[in-house]
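A.B. asks: Have a look at this one before I ask anything.
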Amino acid sequence: MAEGMKDLPSGKRVFFVGIGGISMSGLARIAMNYGLIVGGSDMHPSERTAELSELGVKFYGVHSEENIKEFAPDIVVHTAAILPGNPELDYARAQGLTVMERSVFLGLITRNFNNVINISGTHGKTTTTSMVSLILLKSGANPTVHLGAELPAFGGTVYLGSKDQLLVSEACEYHRSFLEFYSTIAAITNIDYDHVDCYASIDEVIDVFAQFTEKLSPDGTLVIPAGDKNVQECVRRIPACRKEAGMEEPRIMTTGLAGEGIDFWKRDPDFCAANVEYTDGKAGFDVLYKGRPYTHIQLAIPGTHNVYNALTAIACASLAGGTAEAAQQALAEFTGAEGRFDIKGKFKGAMVVTDYAHHPSAARATLDAASHVPHGKTWVVFQPLTYSRTKVLFEDYVTSLLPCEDVFFDEIFSDREVNPGDISSRDIADEINKRGGHAEFFESKDAIVERLAGCVSEGDMILILGPEDIRSLGDRLVKLG
């Protein structure tokens, strides 16, 4: 297998199956930046695919073996979400073409850079990766950046900087994808039980994060939150993983609040937040590095979870030459990536906010952040993501949303699973109501809009949580006014 993008000469033809996806569209742009000729297909034409077409990508709006015949690619890249039986992949394999999963292609890209910052973790990857990137740009660096969401500052999901010096990228554990990625700096924002279709238990999740550190260079640094118990357990397992790979234990830099610490190290975090105060839910805090003043941060986005994200970002950026002054400026200006506490506008005088928080833990964090933002009543619209996750984490969904004043459920969304017919958002709503909560299930988004129109008041907040399918409701509500 190729060692990096340098082994894919300019002029090679690459075809992306599912090119309209957040990550795939970004990888297509990075591939073009390396002089590769790019084509791709997607069943869901979008603004992203239209933009790629304008850049010169040959786009196909259906999946068909005829696309492969016409485009004649050297390499075919696909996502893990592409189901078996895809005609393009079947034909490409039958013709003996090089076919690789998205993570393998991204792994090639990581090996092209002298310095690579990979941000992993169950929650907060996109926000933290955005923060790191903006701090480094403010510091005068020129990173290439690969994100899992649109960032207004980039006008998209990628920033095309240096081709071989510095890469900043998200590293997702789904289907163990991040085990393909080389790092010189790696971060774990937190570890929670997710992707239940890939992992049978939290124990398996912790194991795979420990394995992720095997891809960290021998002289690299791992950045972790000191107070996360699952991360602490991961740290206990890292020496055995690295030893098996013939490597020494990595350097570890810790982050967290004053008083938090890994229980077997008995020290405050290296990058520590002190004197945390909130204004309209947005934290201001002093940052200490090894007990000494480093900078003061005033965040422009709400939530305690973003204090932790900011600390991880500051630590990673500092290891790559980022400055304290740049961190202060970048984080004061950062208003979030698309779909992360995104204030869309107003509907019937109520603030409309969308957030990707589809996991119970993420929902708790976002609900807590919203509670500190001045407003009247909160109306939560929630859509779970994938049937398997909803079944396995059912109790967590119920307990995380039970405290809501009112929560309106849309049906479960999944573009990679077949509906098993034995789980529905209605089941969560029914259980919440059995326990004294206030939940309603709706058959359609039209019905949700009608219900909101009849109940929201001036000064309320409509908080729409879940995948892009439900977050699109935010734009619709704002257009209705």
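Computed from the coordinates by the stated procedures, all read-outs in this text should not be read as laboratory data. Every value quoted in this text rests on a predicted model; they were computed, and no experiment measured them. Cβ placement follows ideal geometry from the backbone for every residue including glycine, while neighbour counts extend to all protein chains displayed.
A.B. asks: Only Lys, Arg, Asp and Glu count, each charged at its Cβ (+1, +1, -1, -1), so figure out the dipole size of the range 111-333 about its Cα centre, rounded to 20 debye.
C.D. replies: Value, rounded to 20: 560 debye.
A.B. asks: Near VAL99, within a Cβ-to-Cβ distance under 14 Å, what is the net charge of the other residues, with Lys and Arg +1 and Asp and Glu -1?
C.D. replies: Residues near VAL99 contribute -2 overall.
A.B. asks: Can I ask one more? Would you give the gap between the C-alpha center of the range 123-173 and the C-alpha center of the range 406-440, rounded to a whole Å?
C.D. replies: 35 Å
A.B. asks: More than 30 Å apart: what percent of Cα pairs in the chain qualify?
C.D. replies: Of all Cα-Cα distances in the chain, 48 percent exceed 30 Å.
A.B. asks: A further question on this structure: For the range 264-337, count all C-alpha to C-alpha pairs, find those more than 16 Å apart, and express that count as a whole percent of the total.
C.D. replies: So the portion of pairs separated by more than 16 Å is 44 percent.
A.B. asks: Another question, if that's okay. Which three semi-axes in whole Å describe the equivalent ellipsoid of the range 227-386, each the square root of 5 times a Cα gyration tensor eigenvalue, listed largest first?
C.D. replies: Three semi-axes, in Å: 32, 21, 14.
A.B. asks: Could I ask something else about it? Cut-off is 10 Å between beta-carbons; in what order do CYS198, CYS272 appear when sorted fewest neighbours first?
C.D. replies: In increasing order of surrounding Cβ atoms, one gets CYS198, CYS272.
A.B. asks: Related question: With charges only on Cβ, +1 for K and R and -1 for D and E, what is the dipole size of the chain about its Cα centre, in debye, rounded to 20?
C.D. replies: The calculation lands at about 1080 debye.
A.B. asks: Could you put LEU222, LEU134 in order, starting from the residue whose Cβ has the fewest other Cβ atoms within 10 Å?
C.D. replies: The order, fewest Cβ neighbours first, is LEU222, LEU134.
A.B. asks: Which pairs break 28 Å Cα to Cα here: LYS215/LYS391; LYS229/LYS290; LYS282/LYS445?
C.D. replies: In this structure, LYS215/LYS391; LYS282/LYS445 exceed 28 Å between Cα atoms.
A.B. asks: Between SER457 and TYR174, what is the FRET efficiency for a Förster distance of 35 Å, r being their Cβ-Cβ separation, to the nearest 0.05?
C.D. replies: Efficiency at R0 = 35 Å is approximately 0.30.
A.B. asks: Rounded to a whole number, what is D in µm²/s for the range 111-333 from Stokes-Einstein with the Kirkwood radius over alpha-carbon pairs (25 °C, 0.890 mPa s)?
C.D. replies: 141 µm²/s
A.B. asks: What nm value, rounded to one decimal, do you get for the distance between THR335 and PHE394 when each label is placed 7 Å out toward the C-beta?
C.D. replies: 4.2 nm
A.B. asks: Which of the trypsin sites (Lys or Arg not before Pro) found in the range 385-459 are loop residues per DSSP with 16 or fewer other Cβ atoms within 10 Å of their Cβ?
C.D. replies: ARG416, ARG435
A.B. asks: Oh, and also: Provide the net charge surrounding ALA258, with neighbours chosen by a C-beta distance below 10 Å and charges set as Lys +1, Arg +1, Asp -1, Glu -1.
C.D. replies: -3
A.B. asks: Over the chain, what is the mean sequence separation of C-alpha contacts under 8 Å (at least six apart), divided by residue count, expressed as relative contact order in percent?
C.D. replies: Normalised by residue count, the contact order of the chain is 11 percent.
A.B. asks: Which log10 I(q)/I(0) values, to two decimals, does the range 11-104 give at q = 0.11, 0.19, 0.20, 0.23 Å⁻¹ under the Debye formula with one point per Cα?
C.D. replies: Each listed q corresponds, in turn, to -0.25, -0.78, -0.88, -1.20.
A.B. asks: Can you sort VAL307, VAL223, VAL287 by how many other beta carbons sit within 10 Å, fewest first?
C.D. replies: VAL307, VAL287, VAL223
A.B. asks: Would you mind giving the average projected area, over all directions, of the Cα convex hull of the range 342-480 in nm² with one decimal?
C.D. replies: The orientation-averaged projected area of the Cα hull of the range 342-480 comes to 7.6 nm².
A.B. asks: While we're here: Would you mind telling me the antiparallel percentage of the DSSP bridges in the range 342-480, rounded to 5?
C.D. replies: Close to 20 percent.
A.B. asks: A follow-up question, please. Around LEU222, under 14 Å between beta carbons, what's the net of Lys plus Arg minus Asp minus Glu among the other residues?
C.D. replies: Summing Lys/Arg as +1 and Asp/Glu as -1 gives -1.
A.B. asks: Which one of TYR356, PHE409, THR390 has its Cα pushed farthest toward the positive end of the charge dipole of the range 342-480, where Lys and Arg give +1 and Asp and Glu give -1 at the Cβ?
C.D. replies: TYR356
A.B. asks: In Å and whole numbers, how far do the C-alpha atoms of the range 420-481 stretch along each principal axis, longest first?
C.D. replies: The principal-axis extents, from largest down, are 36, 28, 17 Å.
A.B. asks: Also, I was wondering about something else. After finding the eigenvalues of the alpha carbon gyration tensor for the range 36-179, what semi-axes result from the square roots of 5 times each, listed largest first in whole Å?
C.D. replies: Values for the range 36-179, descending: 29, 17, 15 Å.
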